[in-house]
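Shown next, in structure tokens, is the structure this report addresses.
The values are calculated or read from the model by the stated rules, or taken from the named source; none is laboratory data. Note that the structure is a prediction, hence the values are computed from the model and not measured. Heads up, the Cβs are rebuilt from the backbone with ideal geometry, glycines too, and the neighbour counts pull from every protein chain shown. Accessible surface is based on the protein model in full, side chains and every heavy atom, while ligands, DNA and RNA are left aside. Shrake-Rupley method; radii C 1.70, N 1.55, O 1.52, S 1.80 Å.
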Amino acid sequence: MEVDLTTFTHIANSLSKRFDSLYYVEIATGLYKEFIRPKLVSDWDIPREGKDFFFMAGKNACKFVHPDDLPDALKIHDKETILKNLAKNDTYSITCRLVIGGKIVHVRHVDIMCEDREHILCCMENIDDEVREKEEQARNLLSAERMARRDELTGIKNKNAFAEHSQAIDGKIRTGSHDFNFAVLMCDLNDLKMLNDTRGHSFGDEALQRASGMICDVFKHSPVFRIGGDEFVAVLTDYDYDRREQFVKELRERSEKNGRFKSGPELAVGLAVYDPYKDNSFSDVFERADRDMYENKNLVKSRKGAEKIKSQYGDDVEIPEERKRMLDSLFGALLTVAGGGYIYLCDLRYDYSRWALSIIDDFGLKSEYMYHADKIWRDYIHPDDLELYKKAIDLVFNGDAAVVPFVYRARKADGSYVALSTRGFIMAGSDGIPDYSGGIMLPK
């Protein structure tokens, strides 16, 4: 096949910078001439010119193309396939991998139809740098996306990731499908504020890290999220879901041991299971888990108080008459100072309370004296205000809201609800441990 020198020079100069190899091929006969000698492969087995380019190219493909990419590579060197593809578009290409000296190199094979429609340019372009750059960009993007969903302190998933995960579950719930199960584990690190205030924020940070590690260690197969300062959530499925009661018990026992021996973080733990016939959203399950955690937190506090009493008074934790007289005395003083409103006072050591007779009459409580009054009173609070009440009580016990009123609704004996503006307070003993809690509730 004759090609004049001017044409050869023009093509070679124009394309040599882009392509690693280039052949000028006559479609009908397969006659070809090499314009650019392959740079990647030193033992390239195609003469510089010859009669059957398609056969020679296919033979070399079998030698150098990665086995997984070989079927596609052979197609681009098949005459019928080339003509079919170039009939749709004057340029046709595929990417594949070559194996050269044991290393993988990414290339792009390109076929270009010439203007005379009788010849094609068969080219190979080294795109290894391009592919590596794209892979690096993809890794960087993935890393950035992971960072945006990772809690910097603990290394677990953060609130953003939790929102995405809960939305995905909501999508499944909306389909009405009943063929999937999950449970929500809610955990709260006890006494974080006290740790930060008394031992420094670095100690508090370490406690959060250890709490995170403890949850992840028990629930190895579930995503764990830090959704707030001291709050963690795990969404249990499959293996962890099937063993949820066992694992929750293990986590609570480890937490209790840490609290007893001061050997690690102490957690309040709550669990709720998705009920497809009752729950309309992920938040329904989440809120039940949160309430269960709150109950566990109160239980932990009660246990601590009981352990302190037992260490002083033995196993009988019924309030002694001396403590009861002290409660009555303090209650009378509080009633005199308050001058009105609903008054209550609780001996925290024994979880024993006295409440004003006006509350008993208006709300239909059984007695002015009660053990575990908080649990009893919660049944009177409007369901929509339980979360507000919980947070407000936590603030009082943390010493953050002793003089700040909070308002919630409570159900009276006649079934109606009244808004109560409440101020709570804590009285600590000489050892700094809370001894009494009380409050004044004013109807609005």
Of the residues in the range 309-341 that are open to solvent by less than 50 Å² (accessible area, probe 1.4 Å) and over 21 Å from Gly439 (Cα atoms), the one that is modelled with the highest pLDDT is Pro320
Considering the range 167-213 alone, what residues qualify as being small (Gly, Ala, Ser), closer than 23 Å to Arg288 by Cβ, open to solvent by 20 Å² or more (accessible area, probe 1.4 Å) and at pLDDT 90 or above? Ala168, Gly171
Scan Leu395, Leu388 and give me the residue that is under 17 Å from Met427 (Cα atoms), under 27 Å from the mean Cα position of the chain (by Cα) and either modelled with pLDDT under 90 or not basic (Lys, Arg) (or both). Leu395
Is one or more of the residues making up the range 29-46 buried (at least 18 other Cβ atoms within 10 Å of the Cβ), in a helix (DSSP H, G or I) and either touching a residue at least 40 places away in the same chain (Cβ under 8 Å) or touching a His at 6+ places or on another chain (Cβ under 7 Å) (or both)? no
Residue count, the range 57-102, condition in contact (Cβ under 8 Å) with a residue 60 or more places away in the chain and not in a helix (DSSP H, G or I), comes to 1
Step by step: first the residues of the range 149-166, then only those that are free of Cβ contacts under 8 Å to residues at least 60 places away in the same chain and assigned to a loop (DSSP other than H, G, I, E, B), then the one that is surrounded by the most Cβ atoms within 10 Å (Cβ to Cβ). Which residue is that? Arg149
Hey, among the residues in the range 91-115 that are open to solvent by 70 Å² or more (accessible area, probe 1.4 Å) and of a type in the set (D, E, K, R), which one's farthest from Asp45 (Cα to Cα)? Glu115
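Does Lys84 count as at pLDDT 85 or above and open to solvent by 50 Å² or more (accessible area, probe 1.4 Å)? Walk me through it before giving the result.
Details: at pLDDT 85 or above: no; open to solvent by 50 Å² or more (accessible area, probe 1.4 Å): yes.
No.
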Scan of the range 236-251 for residues that are open to solvent by 80 Å² or more (accessible area, probe 1.4 Å) and either touching a strand residue (DSSP E or B) at 6+ places or on another chain (Cβ under 6 Å) or at positive phi (or both), ordered by number: Asp238
Of everything in the range 214-224, what is open to solvent by 20 Å² or more (accessible area, probe 1.4 Å) and in contact with a Gly (Cβ under 8 Å, 6 or more places away or on another chain)? Give them in sequence order. none
Expected output for the range 229-240 (first residue more than 24 Å from Glu206 (Cα to Cα) and assigned to a helix (DSSP H, G or I), partner open to solvent by less than 50 Å² (accessible area, probe 1.4 Å) and not acidic (Asp, Glu), Cβ below 6 Å, 6+ apart or cross-chain) is Asp240/Phe219; Asp240/Ser222
